[in-house]
Structure formats: structure tokens, C-alpha cells
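> My questions will all concern the structure given below.
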Amino acid sequence: MKILVLNSGSSSLKYQLIDTQTEEVVAKGLAECIGVAQRCGQIIQETEFAGKIAFETEMNCHDDAMDRVFALLTDPEKGVVKRVDEIAAIGHRVVHGGEKFVRPTLITDDVLCEVEKVSQLAPLHNPPNLAGIRACMRLMPGIPQVAVFDTAFHATIPDYAYMYALPYDYYTAFGVRRYGFHGTSHQYVAGIALDMLAKEGIAPGSSRIITCHLGNGCSMTAIQGGRAVDTSMGLTPAEGLVMGTRSGDLDPAILVYLARRLDAPASDIDRIINKESGLLGISGLSSDMRDIVDAAAKGNARAELALAVFCYRIRKYVGAYAAAMGGLDAIVFTAGIGENSPIVRERVCRDLGFLGVELDATKNETERGRAINLATPASRVRVLLVPTNEERMIARETARVIAGSAAPSPLVVTP
Ligand code: AMP
């Protein structure tokens, strides 16, 4: 059985065709610069069978992009899909499920309507997700489609952790609360981490772990007994950690102050905190952690400051979440920075001996690309490097939904 996994962003469409039995990636690709006036669209696809294909093509919208991708996948000579019904289902990453969607959901017309309503909460993210779903419905009408929500894994967070101290009516009228994102990634790496802990005799139901998804976007989740109990992103993905271009936590009054000082509308403030802040904002150099680490090593003071602020924020959340859970068994690092940056892991874990965290310096420098404990044998808390794989998780969840499984996702441990 093959599942097509789609992640459609504002100007891009990423896809993977995954064999659910072997979890082998049969094809993977990316359509970029969709609807970008200044640049021609580009498609890159890799399959074992036909190798890498890359070409430019005009794509005005997601419908155009999906047409091209579908044609590539089903190409009589180079395609990997001979008959459309070889695709058992399509799993879509949908960023915001609001309070309505707390688990992966089979897409029907009613579900589409509901996702559209929720889109007010994520006006930049959900519309391209919906465009991808509609394009697939048009091209592959008989094939079941499943929405896998970035927010769903965080649905177990208790009210005292998701409620902002604003007038309550804004919660009931406008849905203002913490939702959290990157749920698919947190869930995937937590599943592997809990398996690793179980081998050491720590039962999932009594485990307390913190997952750190540190990529272009960054978030941390406290997971107690296999359930998310707090997470750093909020109503939107702008809250919490320092990210490539997002500020993360701010004094909320700064936004009002800046709007006054700059005489700027809300859209300008939105752009500043989402696109011009974070590592890029502090360093003035780059949003890419590799550039920041290189520049800091060469003595660039603002790059060093960006790195310091980035790591300090993560340390604060480690402390906060350890306190929230009343203890800690593992810190899990994942995504581009979490998996590949020894210096970030080292700075986060430095001097956390009082919490029982002791990083093995050699392992931290040398290990890469596989799930492994980077802590010393004496460390009470494991420091786990776990490569994430959101597409695989979406394929698994999609397969579970079409198999009609009503059981909760495996990670959510029912007491
Ligand atoms: P992701 O969003 O998970 O694809 O992560 C992308 C980010 O990972 C990039 O923006 C880089 O900042 C970071 N990254 C990738 N490789 C490395 C590396 N070797 N060292 C530090 N950061 C890295």
C-alpha cells in the first residue's frame, strides 16, 4: 500500500510517496515558487527508479503545481505510479486544527468546511493546505484523503497551560488560547524516545520528557506519561523559542510600543515578529544557524549574541518544563539544528548537572543521523538525538485512519 504525503506551503508543495509496509520512500519531491511573480517555478523529484529530475515550469497556483506533480508520478515512462488506485490514500499536513480537530481526520465536504472556519486562526498556513487538498480531490477523486493536524498532538494540554490571562471572552469568541504546532514531529520523536526509555525500564505511563524541535521554526513540548502537557508555541507559531526569523516570547506591550513608535499597522508588526526577528533580527546576518555558528566562531559579536539568546531561551524552557512535570527523564533534540548542531546541544545542557543532565562531549560531537543517547552513563537524564520524520508520521496516521482505527495514536498512553 502506498500513501502520498503532501505538505503544501504558501509557495511550495512538498510530497513523498511512501510504502506503508516497508516505510520506504518511493518518490519524493518539491515544487517551489508557486505563484511567485518574479521567479519561474521549479520542480525537483527523486525516485530510486528514475533518479533525480529537475525542471522549471510556470505554476500560478497549487492546482498547477499538483497537475505537474501528478503527471510526473504517473508518467508512463519515468513515473512510479502505474495506476492511480495504487495510491491507497493521501495524507495532508494541515497546520491548524483549532479545538475541533484533535486527531487525524478523514476529509469529507463537512470536514473541509470546518477546516476552512478554523483557518481564521492560521490565515497564512491553512489556505495553502486546503488548496493542496482540493487539487488532489480534483485529480484523484476516488482516493481517500486524511488531514493530519500540526496542532492535534497538543490537544491533551490542560486548560491552565493553554489559557492566556486575557479576558475570558476572547477565548470563547475568538479561540484565543495556546494550540501549539510541530505536533507531528514532537509525536514522532517522542514515540522513539519512549521506546528507548522503556528498554531502560521506564514505563511510558510514568515518563517525563521534553522534546526540542529546533529547525527553521523551533518549539519545545513537555510530554508526561506519553501526553503533551505544555508546548512553547501558542495561538500562532510565533511564540516561545527564538527561531530563524521569528522572535518567540516577547513582552506583549512591545508590539503596541513599536506600532506607536513606527506608526505602523498590524501587518507591519506581524512581518517584523515573523520575518525579520529571531536569529536574523539579532545577528543582522542570517536566519541559518550554520551561518550564525560560523560567524560567532570568527568573533562576530552579534552572531554570538544571537546564539547565546537562542540557547538561553531553550534552557529556560527545560527548567520550566522539568518543574511543570515534577521531574525529567530525557531531553530530546530533533530537526535541522537539534540533530546537527553540537554547540547548541552543548550550550543547552551545560551546567544542568543539578537537574541530572550530563552530556557526553565526544558523543555530542560525533554522533549524527540516528537515534542515540548522548548523555554519559552516569547521567540521570538522557539526552537523546532523534532524527524526525514528519512525512513518515503522516503516512502512519493516514494508514491508521483509512484502516478505520478508532484507537488514539499509539503515543497517547491511556491511563
Ligand atoms: P529544518 O527546518 O528542520 O529543515 O531545519 C533547518 C535549519 O537547520 C537550517 O535553517 C539551519 O539553521 C539548521 N541546520 C542544518 N544543518 C545544520 C548544521 N550542521 N549546524 C547547525 N544548524 C544546521
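The values are calculated or read from the model by the stated rules, or taken from the named source; none is laboratory data. This is a predicted model, so every value here is computed, not measured. Cβ sites come from the backbone with ideal geometry, for glycine too, and all protein chains shown count toward neighbours. In case anyone asks, the SASA skips ligands and DNA or RNA and just uses the protein heavy atoms, side chains included. Shrake-Rupley method; radii C 1.70, N 1.55, O 1.52, S 1.80 Å.
> Share of the chain's accessible area from carbon and sulfur, percent, 1.4 Å?
Answer for the chain is 53 percent, counting heavy atoms of protein chains only.
> Here's another thing I want to ask about it. Between 193, 222, 259, where does the largest GNM mean-square fluctuation fall for the chain, given springs only between Cα atoms within less than 10 Å?
So, out of 193, 222, 259, the one fluctuating most is 259.
> Provide the three semi-axes, in whole Å and in decreasing order, of the ellipsoid equivalent to region 293-414 as defined by the square roots of 5 times the Cα gyration tensor eigenvalues.
30, 19, 15
> How much accessible surface does residue 305 have with a 1.4 Å probe, in Å² rounded to 10?
90 Å²
> Once fully extended, how much extra length lies between residue 42 and residue 258, figured as 0.36 nm per residue of separation less the alpha-carbon to alpha-carbon distance?
74.0 nm
> Starting from the Cα gyration tensor of region 246-330, take the square roots of the eigenvalues, sort them a ≥ b ≥ c, and report rounded, prolate or oblate (rounded when a/c is under 1.5, otherwise prolate if a/b is larger than b/c, else oblate).
It is oblate, given that a/c is not under 1.5 and a/b is not larger than b/c.
> Further question: So which aspartates and glutamates can residue 199 reach, going by Cα to Cα under 15 Å and dropping same-chain residues fewer than 8 places off?
Leaving aside aspartates and glutamates fewer than 8 places away in the same chain, those within reach of residue 199 are 329.
> Over the chain, with the other protein chains present, what is the accessible area per residue in square angstrom, probe 1.4 angstrom?
Per residue, the chain has 46 Å² of solvent-accessible surface.
> Continuing with this model, one more query. Would you check the accessible area of residue 275, probe 1.4 Å, heavy atoms only, in square angstrom rounded to 10?
120 Å²
> Using 26 Å as the Cα-Cα cut-off, could you pick out the over-long pairs in 275/316; 14/363; 28/82; 14/52; 2/78?
Too far apart for the 26 Å limit: 14/363.
> Under 14 Å from the Cα of residue 117, which aspartates and glutamates turn up, not counting those fewer than eight places away in the same chain?
Within the straight-line limit of under 14 Å, residue 117 reaches these aspartates and glutamates: 99, 109.
> Taking the convex hull of the alpha carbon atoms in region 1-57, what volume per residue do you get, in Å³?
Convex hull of Cα atoms, per residue: 64 Å³.
> Between beta-carbons, use under 13 Å as the cut-off and find the net charge around residue 274, counting Lys and Arg +1, Asp and Glu -1.
-1
> A follow-up question, please. What's the FRET efficiency of residue 198 with residue 405 using the Cβ-Cβ distance as r and R₀ = 25 Å, to the nearest 0.05?
E(calc), rounded to 0.05, equals 0.70.
> Can I ask one more? Evaluate Rg over Rh across region 13-150, taking Cα atoms for both radii and Kirkwood's formula for Rh.
0.97
> In addition: Of 55, 37, 81, which is farthest towards the positive pole of region 14-91's charge dipole, taken about the Cα centre with +1 and -1 on the beta-carbons of Lys, Arg and Asp, Glu respectively?
37
> If each DSSP helix of 4+ residues adds -39,500 (n - 2.57) and the sum is divided by the residues in the chain, what number results at 222 nm, nearest 500 deg cm²/dmol?
-11500 deg cm²/dmol
> If ligands, DNA and RNA are left out, what is the accessible area of residue 358 with a 1.4 Å probe, given in Å² to the nearest 10?
90 Å²
> Nothing charged except the Cβ atoms of Lys and Arg (+1) and of Asp and Glu (-1): what's the magnitude of the dipole of region 229-276 about its Cα centre? Round to the nearest 20 debye.
160 debye
> Of 178, 345, 400, which has the largest mean-square fluctuation in a 10 Å C-alpha GNM of the chain?
Maximum fluctuation in the GNM of the chain, among the listed residues, is at 400.
> Per the Kirkwood treatment, what hydrodynamic radius in Å, one decimal, follows for region 126-182 from the mean inverse distance over all distinct Cα pairs?
For region 126-182, inverting the mean 1/r across all distinct Cα pairs yields 13.9 Å.
> Right, here's the next one. Mind ranking 23, 397, 276, 56 by accessible surface for me, highest first, 1.4 Å probe?
Largest accessible area first, the residues go 56, 276, 23, 397.
> Considering only 90, 3, 265, whose Cα is most displaced toward the positive end of the charge dipole of the chain, charges sitting on Cβ of Lys, Arg (+1) and Asp, Glu (-1)?
Ranked along the dipole, the leading option is 265.
> Under a Cβ-only charge scheme (Lys and Arg +1, Asp and Glu -1), can you give me the dipole magnitude of region 1-105 about the Cα centre, in debye to the nearest 20?
260 debye
> With the convex hull built on the Cα atoms of region 147-206, state its orientation-averaged projected area in nm².
5.4 nm²
> Also, I was wondering about something else. Compute and list, largest first, the equivalent-ellipsoid semi-axes of the chain from the alpha carbon gyration tensor, each √(5λ) rounded to a whole angstrom.
Largest first, the chain gives 33, 26, 23 Å.
> Please work out the Kirkwood hydrodynamic radius for region 200-357, using every pair of different C-alpha atoms, and report it in angstroms with one decimal place.
Taking every pair of different Cα atoms in region 200-357, averaging 1/r and inverting gives 16.5 Å.
> Which value, in debye to the nearest 20, describes the size of the charge dipole of the chain about its Cα centre when Lys and Arg Cβ atoms bear +1, Asp and Glu Cβ atoms bear -1, and nothing else is charged?
Taking the Cα centre of the chain as origin, the dipole is about 660 debye.
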